[in-house]
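The block underneath contains the structure these notes are about, expressed in structure tokens.
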Amino acid sequence: MSIRLRLMALIASFGVMSLIITGLALMSLQRYKTMMGEYGAAYEHAYDIQRMNYLVSNVVMESRGVYIAQSPAEARTYARNLSHNLDAFQNALGVWQRSDNPEARRRYATIAPAARDFINIRRELVRLAEAGQQAEAMALGISSRQDRIRLQERLDLLVTEARRDLTRTQAQAAAFSEKRGQTFLIVALLSIASIVGVSTWLILHFITRPLRQVAGTIIGLSEGKLDTPVPESQGKDEMADVWRALARLKAHAIEAEKIVEAQRETERQQALEARQLILD
């Protein structure tokens, strides 16, 4: 494999690392978004239950206003307010019933019968108050007091459960954020260490060391050390081409040295012959 391809492979590995980290980040964001959705649903659920509990308390207060009203007109005023709170309570129940959250619908089912009875009884109380039957309205309210108390106890229990879910989802989100932050740190450190290690190995093994060998061989040949070894290379990368070029250069240098040596020997023989002629 050529140096260029090795470098391209190294760059591609950087890209793969980046894609892995990016994918992990996107998965983490999606999971965190889901957890925040669960937290938001738990918060809204807790708010809705507390609001219904508040509306039940308002209904109770308006009912007591009916009981202690000093005149039929005053009782009808309390009855209108009572009817308004009952409408708001019934609407809140309807929203809860149509919730997309199965757990919310399950919790709604636990109080739905008691809530319907509570609404029906208080509607009747409104009718009696508007008809001027204040004593009958009071008797109806007193007789249903235990049912109302049980409804509020169930609502209080649901509030406690909703707050517990809220705390749980909040703790899960915090734990997930901390754990995923640690995961990101570990992945980033491992990625950096891997990239640095692989890059260092590639540079030393395929670039630095071969270039030092080539430089040493070139210096030796340039100084006339024709016995400098030139390794045979059958590869097809850039370094193999350099070694083959150096092998040819060495062969040419040796051939040239032989020619020079032969010429020197010829000149020496000619000089000896000429001296012999002069002596003779």
(request) Considering only the range 179-199, state which residues are without any contact (Cβ under 8 Å) to a residue 12 or more places away in the chain and more than 18 Å from G23 (Cβ to Cβ). (result) A193, V196, G197
(request) Identify the residue in the range 104-120 that is free of Cβ contacts under 8 Å to residues at least 40 places away in the same chain and open to solvent by 40 Å² or more (accessible area, probe 1.4 Å) and, among all such residues, is nearest to S83 (Cα to Cα). (result) N120
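Only one of R76, R98 is surrounded by fewer than 15 Cβ atoms within 10 Å (Cβ to Cβ), free of Cβ contacts under 8 Å to residues at least 60 places away in the same chain and not β-branched (V, I, T). Can you tell me which?
Values: R76 fails: surrounded by fewer than 15 Cβ atoms within 10 Å (Cβ to Cβ).
When all the criteria are applied, what remains is R98.
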(message) Quick check on the range 53-74. Is at least one of its residues over 17 Å from the mean Cα position of the chain (by Cα), charged (D, E, K, R) and over 30 Å from A162 (Cβ atoms)?
(response) yes
(message) Restricting to the range 229-280, and then to whatever is open to solvent by 60 Å² or more (accessible area, probe 1.4 Å), in a loop (DSSP other than H, G, I, E, B) and of a type in the set (D, E, K, R), can you tell me which residue is modelled with the highest pLDDT?
(response) E232
(request) Identify, from the list F176, F206, the residue that is at pLDDT 75 or above and touching a Lys or Arg at 6+ places or on another chain (Cβ under 8 Å). (result) F176
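To keep it simple, each residue is scored yes or no on (1) of a type outside the set (D, E, K, R); (2) exposed (fewer than 12 other Cβ atoms within 10 Å of the Cβ); (3) touching a helix residue (DSSP H, G or I) at 6+ places or on another chain (Cβ under 9 Å).
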{"site": "E136", "(1), (2), (3)": "no, no, yes"}
{"site": "S143", "(1), (2), (3)": "yes, yes, yes"}
{"site": "L151", "(1), (2), (3)": "yes, no, yes"}
{"site": "L158", "(1), (2), (3)": "yes, no, yes"}
{"site": "E161", "(1), (2), (3)": "no, no, yes"}
{"site": "R168", "(1), (2), (3)": "no, no, yes"}
{"site": "A171", "(1), (2), (3)": "yes, yes, no"}
{"site": "R180", "(1), (2), (3)": "no, no, yes"}
{"site": "A188", "(1), (2), (3)": "yes, no, yes"}
(message) List the residue pairs whose Cβ atoms are under 7 Å apart, where the first residue sits in the range 16-35 and is over 13 Å from A188 (Cβ atoms), the second is of a type in the set (V, I, T), and the two are 6 or more positions apart or on different chains.
(response) M35/T169
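The values are calculated or read from the model by the stated rules, or taken from the named source; none is laboratory data. Quick caveat, the model's predicted, so the values are computed rather than measured. Note that each Cβ is placed from the backbone with ideal geometry, even for glycine, and that neighbours are counted across all protein chains shown. Protein only, heavy atoms only, side chains kept; ligands, DNA and RNA dropped before computing areas. Shrake-Rupley method; radii C 1.70, N 1.55, O 1.52, S 1.80 Å.
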